[in-house]
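Nothing in this text is a laboratory measurement; each read-out follows from the coordinates by a stated rule. Bear in mind the structure is a predicted one, so any value in this text is a computation, not a measurement. Cβ: placed from backbone, ideal geometry, glycine included. Neighbour counts: every protein chain shown.
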Ligand code: KIV
């Protein structure tokens, strides 16, 4: 193992040191390599690959085979960053499915797996951790539930939702999750959870007070211009760069 290889313990230590954790999605070899070279310690082959790479309308269409394919591609970059993958929709409905499928993602190269949900999937979470696979939770807006929820809604505004988020986060941390993604959680609730649990929270659209932040890299780099979440301020416009490179090349070769 490379001596600068990031481990789960290092991600936890960053919270103890008060260091913000930068996390981004990578779905293939070049992006995993570029983000690693840019010093991002935590990478995720998210099932958002379904939307920004595969052209599905939401993440519920992503299959295990697609996740394995993209995890293998990203893992070939052999990043120093800790590289994980999402268990896709309906791949962890039972304890047995959760363990079998988490092992498949680990065999493809995932150094941790992530699932969406709290206490309702605790038996699956505990079984994955018992099988020796590092686990990251995901609470708040759960994209795999977008159809039943009728959209991407902010979580934590009502008191019952607020208390459920705190209890779910504590339960996942006690079960052994090494980190928990908080998606579209109201900033005060995300701050409260981050203060109350010992493991790092990684926010997305959940305000500045999480222990780390994660974005879909295509949103950050302006590579999927047809939709940008409201909370993202893209730091590049790769879509425009690609179009302008193509236009320049067409001019160079005399094409119309
Ligand atoms: O699928 C994904 O990319 C994610 C993150 C953005 C948290 O789950």
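What residue, among those in the stretch 22-38 that are within 16 Å of the ligand (Cβ to nearest atom) and assigned to a loop (DSSP other than H, G, I, E, B), is farthest from the chain's Cα centre (by Cα)? So that I can check it myself, show each step before the final result.
Of the residues in the stretch 22-38, the ones within 16 Å of the ligand (Cβ to nearest atom) are 22-28, 31-32, 35.
Subsequent filtering for residues that are assigned to a loop (DSSP other than H, G, I, E, B) retains 26-28.
On the way: 26: 9, 27: 11, 28: 14 Å.
Once the filter is applied, the top-ranked residue is 28.
How many of the residues making up the stretch 55-72 are crowded, with 17+ Cβ neighbours inside 10 Å, free of Cβ contacts under 8 Å to residues at least 60 places away in the same chain and within 13 Å of the ligand (Cβ to nearest atom)?
So the answer is 5.
Only one of (1) under 20 Å from residue 61 (Cβ atoms); (2) within 15 Å of the ligand (Cβ to nearest atom) fails for residue 148. Which number is that?
The number of the failed condition is (2).
Testing residue 169 on (1) within 16 Å of the ligand (Cβ to nearest atom); (2) over 30 Å from residue 6 (Cβ atoms); (3) assigned to a helix (DSSP H, G or I), one condition comes back false. Which one is that?
Every condition holds for residue 169 apart from (2).
Exactly one of these conditions fails for residue 11: (1) more than 14 Å from the ligand (Cβ to nearest atom); (2) in a loop (DSSP other than H, G, I, E, B); (3) surrounded by 22 or more Cβ atoms within 10 Å (Cβ to Cβ). Give me its number.
Only one criterion in (1) more than 14 Å from the ligand (Cβ to nearest atom); (2) in a loop (DSSP other than H, G, I, E, B); (3) surrounded by 22 or more Cβ atoms within 10 Å (Cβ to Cβ) is unmet by residue 11, namely (2).
Return the pairs, sorted by first residue and then second, in which the second residue is away from the ligand (no atom under 16 Å from the Cβ) and in a loop (DSSP other than H, G, I, E, B), the first residue lies in the stretch 113-129 and is within 11 Å of residue 168 (Cβ to Cβ), the beta carbons are less than 8 Å apart, and the residues are 6+ apart or on different chains.
125/176
Just one of 243, 250, 233 is without any contact (Cβ under 8 Å) to a residue 12 or more places away in the chain and either within 17 Å of the chain's Cα centre (by Cα) or under 22 Å from residue 36 (Cα atoms) (or both); which is it?
Details: 243 fails: either within 17 Å of the chain's Cα centre (by Cα) or under 22 Å from residue 36 (Cα atoms) (or both); 250 fails: either within 17 Å of the chain's Cα centre (by Cα) or under 22 Å from residue 36 (Cα atoms) (or both).
Just a single option satisfies the conditions, and that option is 233.
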